[in-house]
Amino acid sequence: VCTLFVYSQPLDDACLSYLNNNLTPLIEFEVVKWLKNPTFGLKFLELSRLNLNINHSFWTYNLLIRSFCCMGLYGSARLVFDYMKIDGHLPDSTLLGFMISSFGRAGEFGMARKLLAEVQSDDVMVTIFAVNNLLNMMVKQNNLEEAVSLYKENLGLNFNPDTWTFNILIRGLCRVGKVDQAFEFFNDMRSFGCFPDIITYNTIINGLCREYEVDRGHSLLNEIRLRDDCAPNVVTYTSVISGYCKLGKMEEASALFDEMMSSGTLPSVVTFNVLIDGFGKVGDMHSAKSLYEKMASFGCIPDVVTFTSLINGYCQIGDVNRSFQLWDAMKVKNVSPNVYTFAITINALCKENRLCEACRFLRELQRRNIVPKPFIFNPVIDGFCKAGNLDEANRIVAEMEKKKCDPDKVTFTILIIGHCMKGRMLKAISIFDKMLSVGCPPDDVTVRSLISCLLKAGMPKEAYRISTITS
(Lines give C-alpha, C1' and ligand atoms only; values in the text may rest on other atoms or scores of the structure.)
Protein backbone atom coordinates (compact mmCIF):
# COMPACT_ATOMS: atom_id res chain seq x y z
CA VAL A 1 0.00 0.00 0.00
CA CYS A 2 2.90 2.37 0.79
CA THR A 3 4.43 1.67 -2.61
CA LEU A 4 1.13 2.30 -4.40
CA PHE A 5 0.59 5.54 -2.54
CA VAL A 6 4.11 6.91 -3.08
CA TYR A 7 4.70 5.80 -6.69
CA SER A 8 1.27 5.41 -8.31
CA GLN A 9 -0.45 8.75 -7.79
CA PRO A 10 -3.19 9.31 -8.67
CA LEU A 11 -4.62 5.88 -7.80
CA ASP A 12 -6.94 4.45 -10.46
CA ASP A 13 -10.43 3.10 -9.74
CA ALA A 14 -9.22 -0.50 -9.57
CA CYS A 15 -6.66 0.34 -6.88
CA LEU A 16 -9.19 2.37 -4.89
CA SER A 17 -11.72 -0.47 -5.13
CA TYR A 18 -9.16 -3.00 -3.95
CA LEU A 19 -8.08 -0.80 -1.02
CA ASN A 20 -11.70 -0.08 -0.11
CA ASN A 21 -12.36 -3.83 0.22
CA ASN A 22 -9.14 -4.84 1.93
CA LEU A 23 -7.77 -1.92 3.97
CA THR A 24 -8.42 -2.21 7.73
CA PRO A 25 -7.81 0.37 10.49
CA LEU A 26 -4.81 -1.66 11.71
CA ILE A 27 -3.22 -1.87 8.23
CA GLU A 28 -3.94 1.82 7.70
CA PHE A 29 -2.10 2.63 10.96
CA GLU A 30 0.87 0.49 9.82
CA VAL A 31 0.92 2.33 6.48
CA VAL A 32 1.12 5.74 8.19
CA LYS A 33 3.89 4.41 10.45
CA TRP A 34 5.84 2.87 7.54
CA LEU A 35 5.71 6.06 5.49
CA LYS A 36 7.91 7.64 8.24
CA ASN A 37 6.95 11.09 7.00
CA PRO A 38 3.97 12.67 8.78
CA THR A 39 3.27 14.89 5.75
CA PHE A 40 2.84 11.76 3.58
CA GLY A 41 0.88 10.19 6.42
CA LEU A 42 -1.54 13.13 6.51
CA LYS A 43 -2.02 12.96 2.73
CA PHE A 44 -2.78 9.25 2.99
CA LEU A 45 -5.21 9.94 5.84
CA GLU A 46 -6.99 12.60 3.77
CA LEU A 47 -7.09 10.31 0.71
CA SER A 48 -8.58 7.43 2.69
CA ARG A 49 -11.10 9.70 4.44
CA LEU A 50 -12.39 11.03 1.11
CA ASN A 51 -12.21 7.98 -1.14
CA LEU A 52 -12.23 4.89 1.09
CA ASN A 53 -14.87 3.53 3.42
CA ILE A 54 -12.62 3.14 6.50
CA ASN A 55 -12.96 4.16 10.12
CA HIS A 56 -9.46 5.21 11.22
CA SER A 57 -8.18 4.09 14.59
CA PHE A 58 -7.37 6.44 17.47
CA TRP A 59 -3.71 5.39 17.22
CA THR A 60 -3.35 6.76 13.67
CA TYR A 61 -4.44 10.22 14.80
CA ASN A 62 -2.29 9.92 17.94
CA LEU A 63 0.80 9.07 15.86
CA LEU A 64 0.33 11.91 13.39
CA ILE A 65 -0.46 14.54 16.03
CA ARG A 66 2.62 13.62 18.07
CA SER A 67 4.84 13.53 14.98
CA PHE A 68 3.71 16.98 13.81
CA CYS A 69 4.15 18.46 17.29
CA CYS A 70 7.69 17.07 17.51
CA MET A 71 8.46 18.69 14.14
CA GLY A 72 7.01 22.03 15.29
CA LEU A 73 4.20 21.84 12.67
CA TYR A 74 1.43 22.80 15.10
CA GLY A 75 -1.03 23.86 12.39
CA SER A 76 -0.86 20.37 10.86
CA ALA A 77 -1.22 18.79 14.31
CA ARG A 78 -4.32 20.89 14.90
CA LEU A 79 -5.75 19.86 11.50
CA VAL A 80 -5.33 16.14 12.33
CA PHE A 81 -6.96 16.80 15.71
CA ASP A 82 -9.97 18.35 13.93
CA TYR A 83 -10.23 15.30 11.63
CA MET A 84 -10.07 13.11 14.71
CA LYS A 85 -13.06 14.83 16.33
CA ILE A 86 -15.07 14.85 13.10
CA ASP A 87 -14.46 11.10 12.75
CA GLY A 88 -15.88 10.48 16.21
CA HIS A 89 -12.73 10.06 18.30
CA LEU A 90 -11.97 12.03 21.46
CA PRO A 91 -8.42 12.46 22.76
CA ASP A 92 -7.40 10.77 25.99
CA SER A 93 -5.81 12.76 28.81
CA THR A 94 -2.28 11.66 27.81
CA LEU A 95 -2.56 12.93 24.21
CA LEU A 96 -4.28 16.09 25.38
CA GLY A 97 -1.54 16.81 27.93
CA PHE A 98 1.11 16.22 25.25
CA MET A 99 -0.57 18.66 22.83
CA ILE A 100 -1.02 21.36 25.47
CA SER A 101 2.62 21.02 26.56
CA SER A 102 3.86 21.13 22.96
CA PHE A 103 1.83 24.24 22.14
CA GLY A 104 2.97 25.87 25.40
CA ARG A 105 6.68 25.19 24.83
CA ALA A 106 6.37 26.81 21.40
CA GLY A 107 4.67 29.87 22.92
CA GLU A 108 1.43 29.02 21.08
CA PHE A 109 -0.64 29.87 24.16
CA GLY A 110 -3.68 31.00 22.18
CA MET A 111 -3.81 27.62 20.43
CA ALA A 112 -3.39 25.78 23.76
CA ARG A 113 -6.18 27.77 25.44
CA LYS A 114 -8.52 27.23 22.51
CA LEU A 115 -7.83 23.50 22.65
CA LEU A 116 -8.57 23.43 26.39
CA ALA A 117 -11.88 25.25 25.93
CA GLU A 118 -12.95 22.90 23.12
CA VAL A 119 -12.25 19.63 24.89
CA GLN A 120 -13.87 20.79 28.10
CA SER A 121 -17.08 21.53 26.19
CA ASP A 122 -16.86 17.93 24.89
CA ASP A 123 -16.57 16.68 28.51
CA VAL A 124 -13.06 15.37 27.92
CA MET A 125 -11.12 14.96 31.16
CA VAL A 126 -8.32 17.52 31.45
CA THR A 127 -5.81 16.60 34.14
CA ILE A 128 -4.68 19.24 36.62
CA PHE A 129 -1.12 18.27 35.65
CA ALA A 130 -1.74 19.45 32.05
CA VAL A 131 -3.22 22.78 33.15
CA ASN A 132 -0.45 23.38 35.69
CA ASN A 133 2.18 22.57 33.08
CA LEU A 134 0.68 25.19 30.76
CA LEU A 135 0.46 27.77 33.56
CA ASN A 136 4.09 27.09 34.46
CA MET A 137 5.25 27.64 30.87
CA MET A 138 3.25 30.87 30.63
CA VAL A 139 4.87 32.20 33.80
CA LYS A 140 8.37 31.15 32.67
CA GLN A 141 7.86 32.91 29.33
CA ASN A 142 6.68 36.11 31.10
CA ASN A 143 3.03 35.73 30.07
CA LEU A 144 1.80 36.25 33.62
CA GLU A 145 -1.44 38.07 32.77
CA GLU A 146 -2.37 35.29 30.37
CA ALA A 147 -1.66 32.70 33.09
CA VAL A 148 -3.92 34.49 35.59
CA SER A 149 -6.61 34.81 32.90
CA LEU A 150 -6.38 31.08 32.08
CA TYR A 151 -6.72 30.22 35.77
CA LYS A 152 -9.82 32.40 36.17
CA GLU A 153 -11.59 31.28 33.00
CA ASN A 154 -11.19 27.60 33.93
CA LEU A 155 -12.51 27.94 37.50
CA GLY A 156 -16.13 27.55 36.36
CA LEU A 157 -15.32 24.37 34.44
CA ASN A 158 -14.10 20.92 35.56
CA PHE A 159 -10.94 22.43 37.01
CA ASN A 160 -9.93 21.98 40.63
CA PRO A 161 -6.66 23.80 41.34
CA ASP A 162 -4.12 22.19 43.65
CA THR A 163 -1.26 23.59 45.71
CA TRP A 164 1.07 23.48 42.70
CA THR A 165 -1.36 25.68 40.73
CA PHE A 166 -1.21 28.36 43.40
CA ASN A 167 2.56 28.03 43.80
CA ILE A 168 3.06 28.69 40.08
CA LEU A 169 0.89 31.82 40.08
CA ILE A 170 2.29 33.13 43.38
CA ARG A 171 5.85 32.65 42.08
CA GLY A 172 5.07 34.56 38.90
CA LEU A 173 3.39 37.45 40.72
CA CYS A 174 6.15 37.75 43.33
CA ARG A 175 8.81 37.75 40.62
CA VAL A 176 7.33 40.93 39.10
CA GLY A 177 6.72 42.57 42.48
CA LYS A 178 2.94 42.03 42.63
CA VAL A 179 3.07 40.64 46.15
CA ASP A 180 -0.36 41.94 47.20
CA GLN A 181 -1.99 40.10 44.29
CA ALA A 182 0.03 37.01 45.22
CA PHE A 183 -1.42 37.28 48.73
CA GLU A 184 -4.93 37.17 47.24
CA PHE A 185 -4.13 33.76 45.73
CA PHE A 186 -2.45 32.74 48.99
CA ASN A 187 -5.61 33.56 50.92
CA ASP A 188 -7.83 31.79 48.32
CA MET A 189 -6.03 28.46 48.67
CA ARG A 190 -8.05 27.13 51.61
CA SER A 191 -11.37 27.77 49.86
CA PHE A 192 -10.30 25.15 47.28
CA GLY A 193 -9.17 22.68 49.92
CA CYS A 194 -5.49 23.51 49.31
CA PHE A 195 -2.98 24.30 52.03
CA PRO A 196 0.25 26.24 51.53
CA ASP A 197 3.38 24.11 51.69
CA ILE A 198 6.92 25.25 52.40
CA ILE A 199 7.38 26.19 48.72
CA THR A 200 4.35 28.49 48.91
CA TYR A 201 5.64 30.15 52.07
CA ASN A 202 9.20 30.49 50.78
CA THR A 203 8.00 32.04 47.52
CA ILE A 204 5.80 34.66 49.15
CA ILE A 205 8.30 35.42 51.94
CA ASN A 206 11.03 35.97 49.33
CA GLY A 207 8.65 38.19 47.35
CA LEU A 208 7.88 40.30 50.43
CA CYS A 209 11.53 40.67 51.40
CA ARG A 210 12.49 41.70 47.86
CA GLU A 211 9.89 44.48 48.15
CA TYR A 212 11.41 45.51 51.52
CA GLU A 213 8.37 44.30 53.47
CA VAL A 214 10.61 42.22 55.70
CA ASP A 215 8.47 42.44 58.85
CA ARG A 216 5.55 40.82 56.98
CA GLY A 217 7.91 38.14 55.76
CA HIS A 218 9.16 37.55 59.31
CA SER A 219 5.55 37.24 60.53
CA LEU A 220 4.90 34.52 57.94
CA LEU A 221 8.05 32.72 59.06
CA ASN A 222 6.69 32.73 62.62
CA GLU A 223 3.38 31.43 61.29
CA ILE A 224 5.12 28.42 59.74
CA ARG A 225 6.88 27.66 63.02
CA LEU A 226 3.47 27.27 64.71
CA ARG A 227 2.25 24.73 62.16
CA ASP A 228 2.52 21.00 62.77
CA ASP A 229 2.61 19.96 59.10
CA CYS A 230 5.22 22.48 57.89
CA ALA A 231 8.53 23.83 59.19
CA PRO A 232 10.76 26.67 57.99
CA ASN A 233 13.92 25.56 56.20
CA VAL A 234 17.19 27.28 55.34
CA VAL A 235 15.58 29.01 52.33
CA THR A 236 12.87 30.52 54.54
CA TYR A 237 15.34 31.89 57.08
CA THR A 238 17.80 33.09 54.41
CA SER A 239 15.09 35.07 52.59
CA VAL A 240 14.21 37.05 55.73
CA ILE A 241 17.87 37.45 56.75
CA SER A 242 18.61 38.78 53.25
CA GLY A 243 15.70 41.23 53.58
CA TYR A 244 17.08 42.63 56.84
CA CYS A 245 20.58 42.86 55.31
CA LYS A 246 19.27 44.89 52.37
CA LEU A 247 17.68 47.32 54.85
CA GLY A 248 20.97 47.52 56.81
CA LYS A 249 19.28 46.01 59.89
CA MET A 250 22.18 43.78 60.80
CA GLU A 251 21.15 43.26 64.44
CA GLU A 252 17.82 41.75 63.32
CA ALA A 253 19.60 39.68 60.66
CA SER A 254 22.13 38.34 63.20
CA ALA A 255 19.40 37.53 65.73
CA LEU A 256 17.48 35.55 63.12
CA PHE A 257 20.67 33.75 62.09
CA ASP A 258 21.18 32.68 65.73
CA GLU A 259 17.52 31.62 65.96
CA MET A 260 17.88 29.55 62.79
CA MET A 261 20.87 27.65 64.16
CA SER A 262 19.23 27.10 67.56
CA SER A 263 16.25 25.55 65.74
CA GLY A 264 18.60 22.99 64.19
CA THR A 265 18.53 24.48 60.67
CA LEU A 266 22.05 24.66 59.23
CA PRO A 267 23.03 27.71 57.16
CA SER A 268 24.00 27.42 53.50
CA VAL A 269 26.64 29.28 51.50
CA VAL A 270 23.89 31.70 50.41
CA THR A 271 23.04 32.44 54.07
CA PHE A 272 26.66 33.31 54.83
CA ASN A 273 26.97 35.35 51.62
CA VAL A 274 23.98 37.61 52.34
CA LEU A 275 25.21 38.24 55.88
CA ILE A 276 28.80 38.94 54.77
CA ASP A 277 27.51 41.28 52.09
CA GLY A 278 25.23 43.03 54.59
CA PHE A 279 28.01 43.58 57.15
CA GLY A 280 30.34 44.74 54.38
CA LYS A 281 27.87 47.38 53.19
CA VAL A 282 27.52 48.85 56.70
CA GLY A 283 31.31 48.82 57.12
CA ASP A 284 31.44 46.14 59.83
CA MET A 285 34.28 44.10 58.36
CA HIS A 286 35.12 42.48 61.70
CA SER A 287 31.72 40.69 61.70
CA ALA A 288 31.97 39.94 57.96
CA LYS A 289 35.42 38.35 58.37
CA SER A 290 34.26 36.41 61.44
CA LEU A 291 31.42 34.85 59.43
CA TYR A 292 33.80 34.05 56.57
CA GLU A 293 36.05 32.16 59.02
CA LYS A 294 33.05 30.18 60.37
CA MET A 295 31.95 28.89 56.97
CA ALA A 296 34.23 25.86 56.88
CA SER A 297 32.93 24.55 60.24
CA PHE A 298 29.45 24.33 58.67
CA GLY A 299 30.72 22.59 55.55
CA CYS A 300 30.22 25.72 53.42
CA ILE A 301 32.94 26.50 50.87
CA PRO A 302 33.39 30.22 50.08
CA ASP A 303 32.57 31.01 46.44
CA VAL A 304 33.12 34.00 44.18
CA VAL A 305 30.12 35.81 45.74
CA THR A 306 31.68 35.44 49.21
CA PHE A 307 35.01 36.89 48.11
CA THR A 308 33.42 39.65 46.02
CA SER A 309 31.30 40.76 49.01
CA LEU A 310 34.38 40.85 51.26
CA ILE A 311 36.41 42.75 48.65
CA ASN A 312 33.54 45.23 48.25
CA GLY A 313 33.37 45.71 52.03
CA TYR A 314 37.09 46.49 52.35
CA CYS A 315 36.97 48.80 49.34
CA GLN A 316 34.02 50.69 50.84
CA ILE A 317 35.95 51.43 54.04
CA GLY A 318 38.94 52.52 51.94
CA ASP A 319 41.17 49.52 52.70
CA VAL A 320 41.93 48.47 49.13
CA ASN A 321 45.23 46.85 50.09
CA ARG A 322 43.40 44.43 52.42
CA SER A 323 41.16 43.46 49.50
CA PHE A 324 44.28 42.33 47.58
CA GLN A 325 44.81 39.63 50.23
CA LEU A 326 41.41 38.23 49.27
CA TRP A 327 42.46 38.13 45.61
CA ASP A 328 45.44 36.01 46.75
CA ALA A 329 43.10 33.78 48.80
CA MET A 330 40.92 33.25 45.73
CA LYS A 331 43.94 32.04 43.76
CA VAL A 332 44.87 29.61 46.54
CA LYS A 333 41.31 28.25 46.69
CA ASN A 334 41.04 28.14 42.89
CA VAL A 335 38.02 30.48 42.85
CA SER A 336 37.77 32.55 39.65
CA PRO A 337 36.74 36.21 39.99
CA ASN A 338 33.69 37.41 38.07
CA VAL A 339 32.94 40.67 36.30
CA TYR A 340 31.81 42.33 39.55
CA THR A 341 34.97 41.33 41.44
CA PHE A 342 37.00 43.21 38.81
CA ALA A 343 34.57 46.14 38.64
CA ILE A 344 34.63 46.74 42.41
CA THR A 345 38.43 46.57 42.66
CA ILE A 346 39.06 48.76 39.60
CA ASN A 347 36.54 51.37 40.79
CA ALA A 348 38.13 51.49 44.25
CA LEU A 349 41.64 51.93 42.78
CA CYS A 350 40.43 54.74 40.52
CA LYS A 351 38.89 56.56 43.51
CA GLU A 352 42.38 56.54 45.09
CA ASN A 353 43.86 57.70 41.77
CA ARG A 354 45.86 54.45 41.44
CA LEU A 355 45.26 54.31 37.70
CA CYS A 356 48.28 52.19 36.80
CA GLU A 357 47.12 49.43 39.16
CA ALA A 358 43.59 49.73 37.78
CA CYS A 359 44.98 49.24 34.27
CA ARG A 360 46.82 46.13 35.49
CA PHE A 361 43.48 44.66 36.59
CA LEU A 362 41.95 45.64 33.24
CA ARG A 363 44.67 43.68 31.44
CA GLU A 364 44.07 40.72 33.76
CA LEU A 365 40.35 40.88 32.97
CA GLN A 366 41.03 40.77 29.24
CA ARG A 367 43.12 37.61 29.64
CA ARG A 368 40.17 35.80 31.24
CA ASN A 369 37.06 34.37 29.65
CA ILE A 370 34.84 37.14 31.04
CA VAL A 371 32.55 39.25 28.87
CA PRO A 372 33.65 42.85 29.60
CA LYS A 373 31.07 45.53 30.45
CA PRO A 374 31.33 49.31 30.05
CA PHE A 375 30.94 49.94 33.81
CA ILE A 376 34.34 48.26 34.35
CA PHE A 377 36.20 50.57 31.93
CA ASN A 378 34.36 53.82 32.76
CA PRO A 379 36.11 54.61 36.10
CA VAL A 380 39.55 54.20 34.45
CA ILE A 381 38.57 56.36 31.47
CA ASP A 382 37.17 58.97 33.87
CA GLY A 383 40.36 58.88 35.96
CA PHE A 384 42.60 59.55 32.95
CA CYS A 385 40.28 62.31 31.67
CA LYS A 386 40.35 64.07 35.04
CA ALA A 387 44.13 63.72 35.09
CA GLY A 388 44.24 65.39 31.65
CA ASN A 389 45.64 62.28 29.98
CA LEU A 390 43.12 62.09 27.12
CA ASP A 391 45.39 60.00 24.91
CA GLU A 392 45.39 57.20 27.48
CA ALA A 393 41.62 57.54 27.93
CA ASN A 394 41.11 57.24 24.16
CA ARG A 395 43.44 54.23 24.07
CA ILE A 396 41.35 52.43 26.69
CA VAL A 397 38.17 53.19 24.73
CA ALA A 398 39.78 51.75 21.58
CA GLU A 399 40.82 48.62 23.55
CA MET A 400 37.29 48.38 24.93
CA GLU A 401 35.75 48.48 21.43
CA LYS A 402 38.29 45.91 20.19
CA LYS A 403 36.90 43.53 22.84
CA LYS A 404 33.36 44.00 21.38
CA CYS A 405 32.35 46.09 24.41
CA ASP A 406 30.45 49.10 23.09
CA PRO A 407 30.74 52.38 25.02
CA ASP A 408 27.57 53.33 26.90
CA LYS A 409 26.04 56.70 27.80
CA VAL A 410 28.43 57.15 30.74
CA THR A 411 31.51 56.42 28.59
CA PHE A 412 30.53 59.00 25.98
CA THR A 413 29.67 61.62 28.62
CA ILE A 414 33.05 61.16 30.37
CA LEU A 415 34.89 61.57 27.05
CA ILE A 416 32.86 64.62 25.96
CA ILE A 417 33.40 66.44 29.27
CA GLY A 418 37.08 65.38 29.36
CA HIS A 419 37.79 66.82 25.90
CA CYS A 420 35.83 69.99 26.71
CA MET A 421 37.93 70.55 29.84
CA LYS A 422 41.09 70.35 27.68
CA GLY A 423 39.63 72.79 25.16
CA ARG A 424 39.29 70.12 22.44
CA MET A 425 35.81 71.27 21.45
CA LEU A 426 35.77 69.84 17.92
CA LYS A 427 36.77 66.43 19.27
CA ALA A 428 34.04 66.67 21.91
CA ILE A 429 31.48 67.47 19.19
CA SER A 430 32.66 64.53 17.05
CA ILE A 431 32.28 62.18 20.05
CA PHE A 432 28.76 63.56 20.61
CA ASP A 433 27.89 62.99 16.95
CA LYS A 434 29.27 59.43 17.16
CA MET A 435 27.14 58.87 20.26
CA LEU A 436 24.02 59.76 18.27
CA SER A 437 25.08 57.76 15.22
CA VAL A 438 25.47 54.52 17.19
CA GLY A 439 22.01 54.95 18.73
CA CYS A 440 23.11 55.88 22.25
CA PRO A 441 20.75 58.70 23.39
CA PRO A 442 22.45 61.36 25.55
CA ASP A 443 20.88 62.40 28.85
CA ASP A 444 20.42 65.91 30.24
CA VAL A 445 23.83 65.90 31.95
CA THR A 446 25.62 65.18 28.66
CA VAL A 447 23.70 67.81 26.70
CA ARG A 448 23.87 70.58 29.33
CA SER A 449 27.61 70.02 29.92
CA LEU A 450 28.44 70.13 26.20
CA ILE A 451 26.26 73.20 25.49
CA SER A 452 27.71 75.04 28.50
CA CYS A 453 31.29 74.33 27.38
CA LEU A 454 30.52 75.35 23.78
CA LEU A 455 29.05 78.68 24.90
CA LYS A 456 32.07 79.37 27.13
CA ALA A 457 34.34 78.56 24.18
CA GLY A 458 32.51 81.09 22.01
CA MET A 459 30.80 78.54 19.77
CA PRO A 460 27.10 79.55 19.98
CA LYS A 461 26.19 78.09 16.56
CA GLU A 462 27.40 74.64 17.55
CA ALA A 463 25.66 74.98 20.92
CA TYR A 464 22.40 75.87 19.12
CA ARG A 465 22.82 72.91 16.75
CA ILE A 466 23.30 70.51 19.67
CA SER A 467 20.27 72.00 21.45
CA THR A 468 18.12 71.66 18.30
CA ILE A 469 19.16 68.04 17.65
CA THR A 470 18.52 66.90 21.21
CA SER A 471 15.20 68.71 21.58
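The values are calculated or read from the model by the stated rules, or taken from the named source; none is laboratory data. Computed from a prediction, not measured in an experiment: that's the story for all the values here. FYI the Cβ positions are ideal-geometry reconstructions off the backbone, even for glycines, and counts take in every protein chain you see. With ligands, DNA and RNA removed, areas are computed over all heavy atoms of the protein, side chains included. Shrake-Rupley method; radii C 1.70, N 1.55, O 1.52, S 1.80 Å.
Worth pointing out:
- Cα-based shape type of the range 421-470, given that a ≥ b ≥ c are square roots of the gyration tensor eigenvalues and the cut on a/c is 1.5: prolate
- Relative contact order [Cα under 8 Å, 6+ residues apart], the chain, whole percent: 5 percent
- Top positive-direction residue, dipole computed over the chain with Cβ charges, set 61, 177, 411: 411
- Pairs of alpha carbons in the chain separated by more than 42 Å make up 48% of all such pairs.
- Rel. contact order, % - alpha carbon contacts under 8 angstrom, at least six apart, the range 337-406: 31 percent
- Rounded to 0.05, the FRET efficiency of the residue 457 and residue 234 pair, given R0 = 51 Å and the Cβ-Cβ distance, is 0.25.
- Where 164, 327 fall by accessible area, highest first, once all protein chains stay in place (1.4 Å): 164, 327
- Cα-projected label distance for residue 261 with residue 46, points at 7 Å along beta-carbon direction, nm: 7.2 nm
- Working ranking of peptides 366-374, 6-14, 409-417 by packing, defined as the average number of other Cβ atoms within 10 Å per residue, highest first, is 409-417, 366-374, 6-14.
- Computed from the C-beta positions of residue 11 and residue 94, the FRET efficiency with R₀ = 30 Å rounds to 0.30.
- Cut-off 11 Å between beta-carbons: net charge of the residues surrounding residue 425, Lys and Arg +1, Asp and Glu -1: +3
- Bridgeable aspartates and glutamates around residue 178 (alpha carbons under 19 Å apart, same-chain partners fewer than 8 residues away excluded): 145, 146, 188, 211, 213, 215.
- Per-atom-type breakdown for the chain gives carbon and sulfur 53% of the accessible area (1.4 Å probe, protein chains only).
- Between the range 187-238 and the range 283-355, the C-alpha centres lie 33 angstrom from each other.
- Ordering 369, 359, 394 by the projection of their Cα atoms onto the charge dipole of the range 337-406, which places +1 on the Cβ of Lys and Arg and -1 on the Cβ of Asp and Glu, puts 369 at the extreme positive end.
- Checking the Cα-Cα distances for 294/333; 246/331; 351/422 against a 19 Å cut-off, the pairs over it are 246/331; 351/422.
- Whole-Å semi-axes of the ellipsoid equivalent to the range 25-122 (Cα gyration tensor, √5λ, descending): 23, 15, 11
- Calculated [222 nm] ellipticity per residue, helices only, for the chain: -22500 deg cm²/dmol; basis is -39500 (n - 2.57) per DSSP H run with n ≥ 4, divided by all residues, nearest 500.
- The gain in end-to-end length when the residue 155 to residue 333 segment is fully stretched comes to 58.6 nm, 0.36 nm per residue minus the alpha carbon separation.
- Relative contact order for the range 165-300, counting Cα pairs under 8 Å that sit 6 or more residues apart, in percent: 17 percent
- Cβ charges +1 (Lys, Arg) and -1 (Asp, Glu), total dipole of the range 337-406, debye: 240 debye
- Within the range 232-324: Cβ-based charge dipole about Cα centre, in debye rounded to nearest 20 (Lys, Arg +1; Asp, Glu -1): 160 debye
- Protection-proxy order for peptides 54-61, 395-402, each taking the mean of Cβ atoms within 10 Å per residue, highest first: 54-61, 395-402
- Rolling a 1.4 angstrom probe over the protein heavy atoms with all chains in place gives the chain an accessible area of 50 Å² per residue.
- Residue ranges 447-454, 293-300, 281-288 sort as 447-454, 281-288, 293-300 when ordered by packing (mean number of other C-beta atoms within 10 Å per residue, highest first).
- Around the Cα centre of the chain, unit charges on the Cβ atoms of Lys, Arg, Asp and Glu (plus for the first two, minus for the last two) sum to a dipole of about 2280 debye.
- Anisotropy class assigned to the range 337-406 is oblate, per the alpha carbon gyration tensor with a/c at or over the 1.5 cut-off and a/b no larger than b/c.
- Most positive-pole-ward Cα, 244, 224, 278, against dipole of the chain from beta carbon charges: 278
- The lysines within cross-link reach of residue 36, meaning a Cα-to-Cα straight distance under 16 Å and a gap of 8 or more places when in the same chain, come to none at all.
- Taking a straight line from the alpha carbon of residue 373, these aspartates and glutamates sit under 13 Å away, with near neighbours fewer than eight places off in the same chain left out: 399, 401, 406, 408.
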